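Asks: Mind having a look at this structure? Questions to follow.
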Amino acid sequence: MTQPQHDDGQDADAGFVVRVADSITSIGAGAWDGLARCGANGAGPGNPFVSYAFLSALEESGCVGQRAGWLPQHLVLEAPDGRPIGLVPAYLKNNSQGEYVFDHGWADAFQRAGGRYYPKLQVSVPFTPATGPRLLVGAGAGSETRRAALVQGLEAYVGQTSISSAHATFLDEADRLAFEAAGDWLARTDQQFHFVNRGYGSYEDFLESLASRKRKALRKERREALADDISIERLTGADLTEAVWDAFFEFYMDTGSRKWGRPYLNRRFFSLIGERMADRILLVMARRQGRYIAGALNFIGADRLYGRNWGCIEDHPYLHFEVCYHQAIEHAIETGLAVVEAGAQGEHKLARGYEPVTTHSAHFIAHPGLRDAVEDYLVRERENVAEVQAVLSEHTPFKKSP
């Protein structure tokens, strides 16, 4: 798959070529992490989910692959000398599971009209609703040109394979603008809830920024969460032993099976990330009567904490809120992280100091009729997301300005 030449006066690398890699290992950790702006083996300050360590753990464990319905089709942008100068984590999919940006309705409507929606190309981090880079181009001059070339490469992939569409989800701002500039990608918005650290010196300082009634409610909630002689441990680095992962995996499977029917991640995956990126992981575990009973998995980024998976084997009032939300805020304040991203959905997070933010995705749809229908739908959906966010923003628990 080749690309036309590009020259905006900012990049000496003209005459780009785009190829497809069906495994991240064929690209290599050095090239991948350099363009993803992560340290070696995912240990640097970048986004942990686009690191080689995280994505290779998904592939090596079999959580993604042909049988899992996520076939790696990573795009590699190469300079004339064969040097990788851009990457896209991408997967060919025959379903819409594990994406958190829902297009099941589009698929059903197209198939009822006689079309074939699957397979499609998904540009994302599997099973991870966290905003981050998707067009990995490193730093320096020419990055906009390389992003544009990667977007064109995605369009060419759709055209050459005759699949229905390509979808890039949870985009950071630079990538959002790159897809918007391409012209043929449809913009979609959604909503999450994030905690913003406004320079708090302690969790108590954060509580003091809340309205009195909300502050009292959270203090009571935290006391009641630990009322049954429950203690909390925060584990990272060398603390993440195989015995700890065994306990967490039991929680994950129990809760995931009830919530989704089939959890996406297997036991091998947790061992691999424990080996490769332990210092980028914070595992919050609840203990009672000498054993772990619940836990929440978080990943540590350059300036933020990402809440990912939760599970429990005992139900206790408010324990989920303590382990997933209050502990994450407390850790972020203590370590100077700017933001906590608490995952997809959940208006209950609002009362606990998390604020509504907009997430972005871009969609390239080949069939003109389907594209027109989706475009019309997205206009109305974006308006609704904005209206809901405006209302929710008026109901945060913070003190109101005079």
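A short reminder: the numbers here are calculations on the coordinates, not readings from a lab. Just so it is clear, the structure is predicted and the values come from calculations on it, not from any experiment. Glycine also receives a Cβ, built like all others from the backbone with ideal geometry; neighbour counts cover every protein chain displayed.
Asks: Can you put Cys324, Cys38, Cys63 in order, fewest other beta carbons within 10 Å first?
Replies: Neighbour counts put them in this order, fewest first: Cys63, Cys324, Cys38.
Asks: Here's something else I'd like to know. Which cross-chain or sequence-distant (5 or more) residues have an amide H under 5 Å from the amide H of Leu210, H modelled 1.01 Å from N in plane?
Replies: Lys399
Asks: Once the Cα atoms of the range 198-337 are picked out, what are the Rg and Dmax in Å?
Replies: Cα-based Rg and Dmax for the range 198-337 come out at 15.4, 46 Å.
Asks: Residue-wise, which Karplus ³J(HN,Hα) couplings in Hz belong to the range 265-282, taking 6.51 cos²θ - 1.76 cosθ + 1.60, θ = phi - 60°, and x for glycine or proline?
Replies: Calculated HN-Hα couplings, in order: 9, 9, 4, 4, 4, 5, 5, 5, 5, x, 6, 9, 8, 4, 6, 9, 10, 10 Hz.
Asks: Continuing with this model, one more query. Given H placed 1.01 Å from N in the peptide plane, which residues other than close sequence neighbours of Ile85 have an amide H under 5 Å from its amide H?
Replies: The answer is Leu77, Glu78, Ala79.
Asks: A further question follows. Among all the aspartates and glutamates, which ones have a C-alpha under 18 Å from Lys216's C-alpha, if same-chain residues fewer than 8 places away are not counted?
Replies: Once the sequence-local aspartates and glutamates are set aside, what remains near Lys216 is Glu204, Asp205, Glu208, Glu224, Glu322, Glu330.
Asks: Still on this structure, I have one more. For His348 paired with Val196, estimate the spin-label separation in nm (one decimal), with each label point 7 Å from Cα along the Cα-to-Cβ line.
Replies: Label-label distance for His348 and Val196, simple model: 2.5 nm.
Asks: Helix 368-393 versus the longest principal axis of the chain: what angle, 0 to 90°, nearest 10, using Cα atoms?
Replies: So the helix axis and the longest Cα principal axis differ by about 30 degrees.
Asks: Collect residues whose amide H, placed 1.01 Å from N in the peptide plane, falls under 5 Å from the amide H of Leu282; neighbours closer than 5 in sequence don't count.
Replies: Under 5 Å from the amide H of Leu282 lie the amide H atoms of Asn298, Phe299, Ile300, each far enough along the sequence or on another chain.
Asks: Hey, which aspartates and glutamates would be in cross-link range of Lys93, C-alpha to C-alpha under 20 Å, not counting anything within fewer than 8 residues on its own chain?
Replies: Asp22, Glu59, Glu60, Asp103, Asp108, Glu155
Asks: Now, a different point. Counting residues in the chain as N, plug N into 2.2 N^0.38 Å and put the Cα Rg over that result.
Replies: Working it through for the chain, the quotient is 1.01.
Asks: Can you work out ³J(HN,Hα) from phi for every residue in the range 148-165, in order, using Karplus 6.51 cos²θ - 1.76 cosθ + 1.60 and θ = phi - 60°, giving whole Hz and x for Gly and Pro?
Replies: 4, 5, 5, 4, 5, x, 5, 4, 5, 4, 4, x, 7, 9, 6, 7, 6, 5
Asks: In whole Hz, what ³J(HN,Hα) sequence does the range 336-346 give by Karplus (6.51, -1.76, 1.60; θ = phi - 60°), x for Gly and Pro?
Replies: For the range 336-346, the Karplus curve yields x, 6, 7, 9, 10, 9, 9, x, 7, 6, x Hz.
Asks: Of the options Gly183, Ala296, Ser271, report the single residue whose Cα projects farthest towards the positive end of the charge dipole of the chain (beta-carbon charges: Lys, Arg +1; Asp, Glu -1).
Replies: Going by the charge dipole, the pick is Ala296.
Asks: If r is the Cβ-Cβ distance from Thr25 to Arg83 and R0 is 22 Å, what FRET efficiency results, to the nearest 0.05?
Replies: Efficiency at R0 = 22 Å is approximately 0.75.
Asks: Quickly estimate the mean residue ellipticity at 222 nm for the chain, helices only: each DSSP H run with n ≥ 4 gives -39500 (n - 2.57), and the total goes over all residues, rounded to 500.
Replies: -11000 deg cm²/dmol
Asks: Which one, Ala113, Phe249, Val374, is farthest towards the positive end of the dipole of the chain when Lys and Arg carry +1 and Asp and Glu -1 on their Cβ?
Replies: Towards the positive end, the residue furthest out is Phe249.
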